[in-house]
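For reference, the structure is listed below as structure tokens.
The values are calculated or read from the model by the stated rules, or taken from the named source; none is laboratory data. Note that the coordinates shown come from a computational prediction; the quantities given were computed from them, not determined experimentally. Don't worry about glycine lacking a Cβ; one is built from the backbone with ideal geometry, like all the others, and counts go over all protein chains shown. SASA here: full protein model, heavy atoms, side chains in, ligands and nucleic acids out. Shrake-Rupley method; radii C 1.70, N 1.55, O 1.52, S 1.80 Å.
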There are 2 protein chains.
Amino acid sequence: MDNRPIGVFDSGVGGLTAVRRMHEIMPNESIIYFGDTGRVPYGTRSAQTILHYTRQDVAFLRSFDIKAIVVACGTVSSVALNAVSKEQNIPMIGVVEPASLAAMEKTKNGRIGVIGTASTIKSGSYESFLHEHKPELKIFTKACPLFVPLVENGRVNKGDIVIETVVKEYLTELKEQDIDTLILGCTHFPLLKEVIADFMGENVELIDSGAAAADYAKRILTLSDNENAGTKYFVSDDPDSFKALSHIFLNGEIAENVGNVEIATY
Amino acid sequence: MDNRPIGVFDSGVGGLTAVRRMHEIMPNESIIYFGDTGRVPYGTRSAQTILHYTRQDVAFLRSFDIKAIVVACGTVSSVALNAVSKEQNIPMIGVVEPASLAAMEKTKNGRIGVIGTASTIKSGSYESFLHEHKPELKIFTKACPLFVPLVENGRVNKGDIVIETVVKEYLTELKEQDIDTLILGCTHFPLLKEVIADFMGENVELIDSGAAAADYAKRILTLSDNENAGTKYFVSDDPDSFKALSHIFLNGEIAENVGNVEIATY
């Protein structure tokens, strides 16, 4: 048993899709969550800036006695995790490996699509991992830069012509490639599951990368038996806005116990 | 004559719509521009965070011997300018006053619309100024949170159902109020002028707040007679992405001479 908390971070609220899964499958784990809401989004920034911000996010989480870090952000996992995990002496679990492994298990025709932020897709992180493990896979990727702002503005429902038009525009070329598995490589994207599933059709399996990271963490970490485990949240902007948005990502649950952090000082 | 440069800043690239106007009407002015591309957008953040970022932006510009600051950002002008200008001993010109004065001149029926980011509209900055000067004006405001990401993704053209749908959604209630003047209270919004004008109809005058601030600066500042004046640009993220996006805002001109700043250290 290891009752130390698990640190989780994201550029903002998206990583709560991983926390939600952790609450479901590892209810005895204490969690320290950091959302960098004062500097969100990361997915449109340069690799150098993402690396700089990631080091600060990790330094903040390490100010607690945590046993591991779940990087619940597709962009950080793709752009900065390799470098930063080498600097740390606890496990750091990103979304790329777990989501890729899940996709490799699911695919039957070996044709996998990957969507993410501009930085994630530019990094080639998913292709690298997938091809290293199964060179014969065919990978098709597409940056979807408008998905994050659309999700954050609540444009997630079927019948909304704005999100439906953007989904169609971004995903048509993946659909035409006859993929049977689609990795949602950004932790905001599970909120678009219904619209995306509707467009891609029932034969395409969607992989929720935040949930995959949570499943992976459960498999590899020494778990806790703390029956009073809870989650503490920290953000770099106003805690109240974070609370107000959290229930969308936490399936109705509201993030209580939210503190503010001056992240640039870490 | 005062040949010292004018400092200009914005959360990102939007403020270039003011620079463009300054180049047109004050070609002898040297300009130091700062775009906080590492922390853009501001318009969705809390007042406290916007104030904190603004103080750093101003401190960076004050590291040069400048004669004035143009705050080419609707959000900063609305949320932080009053507090920060009191701390400075040079003029700070925001967009709210100039755009409001221009709207007061243009309106015939006394019904003025104002659109901006969520923070700008929440601040009530335009209503306060307009009502202080002309209490009989009827002001109608609307937050347009998706306009900034849509502009930054190039969704600015007529015939694009995404931008047309969002414009219609945000502006229908202003149109129904029979306004004859609409303040584009965010320096990104002039790029949507064509789509907005098309929806609002030819009887509604659009006020470009960045251009209004430039006009105002020309009126109140002691100008320069430097015939070799130029503009230096600084950003807090990758200079190359800024260069690549700049021509959209600078009417084809490309921002050369772009440096990087570690803004959190100011």
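Structure above, values below:
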quantity: Tally, over region A:127-153, of residues that are hydrophobic (A, V, I, L, M, F, W, C) and within 17 Å of the chain's Cα centre (by Cα); calculated: 8
quantity: From the options B:54, B:49, B:44, residue that is without any contact (Cβ under 8 Å) to a residue 60 or more places away in the chain and facing chain A (nearest Cβ under 10 Å); calculated: B:49
quantity: Pairs, first closer than 14 Å to residue B:144 by Cα in region B:108-127, second among the aromatic types (Phe, Trp, Tyr) and surrounded by fewer than 24 Cβ atoms within 10 Å (Cβ to Cβ), C-beta under 8 Å, six or more apart; calculated: B:113/B:140; B:114/B:140; B:115/B:170
quantity: Lone unmet requirement of (1) within 15 Å of residue A:120 (Cα to Cα); (2) open to solvent by 10 Å² or more (accessible area, probe 1.4 Å); (3) assigned to a loop (DSSP other than H, G, I, E, B) for residue A:14; calculated: (2)
quantity: Enumeration of residues in region B:18-36 that are open to solvent by 10 Å² or more (accessible area, probe 1.4 Å) and assigned to a helix (DSSP H, G or I); calculated: B:20, B:21, B:23, B:24, B:25
quantity: Every residue from region B:134-149 that is within 11 Å of chain A (Cβ to nearest Cβ) and either surrounded by fewer than 18 Cβ atoms within 10 Å (Cβ to Cβ) or not in a helix (DSSP H, G or I) (or both); calculated: B:143, B:144, B:145, B:146
quantity: Failed item, numbered, when residue A:102 is tested on (1) open to solvent by 20 Å² or more (accessible area, probe 1.4 Å); (2) part of a loop (DSSP other than H, G, I, E, B); calculated: (2)
quantity: Single condition residue B:15 does not satisfy, out of (1) within 10 Å of another protein chain (Cβ to nearest Cβ); (2) more than 17 Å from residue B:145 (Cβ to Cβ); (3) not aliphatic (A, V, I, L, M); calculated: (1)
quantity: Top-ranked residue of region A:150-203 - restricted to ones that are surrounded by fewer than 19 Cβ atoms within 10 Å (Cβ to Cβ) and in contact with an Asp or Glu (Cβ under 7 Å, 6 or more places away or on another chain), ranked as nearest to the other protein chains (Cβ to nearest Cβ); calculated: A:158
quantity: Among the residues listed as B:95, B:71, B:84, B:76, the single one being out of contact with any Lys or Arg (no Cβ under 9 Å at 6 or more places or on another chain) and either within 23 Å of residue B:200 (Cβ to Cβ) or free of Cβ contacts under 8 Å to residues at least 40 places away in the same chain (or both); calculated: B:95
quantity: Number of positions in region A:56-70 that are in a loop (DSSP other than H, G, I, E, B) and either under 14 Å from residue A:94 (Cβ atoms) or open to solvent by 20 Å² or more (accessible area, probe 1.4 Å) (or both); calculated: 4
quantity: In region A:108-133, residue most open to solvent (accessible area, probe 1.4 Å) [restricted to those that are within 14 Å of chain B (Cβ to nearest Cβ) and not in a loop (DSSP other than H, G, I, E, B)]; calculated: A:122
quantity: Filtered residue count, region A:243-266, keeping only those that are open to solvent by less than 30 Å² (accessible area, probe 1.4 Å) and more than 10 Å from chain B (Cβ to nearest Cβ); calculated: 7
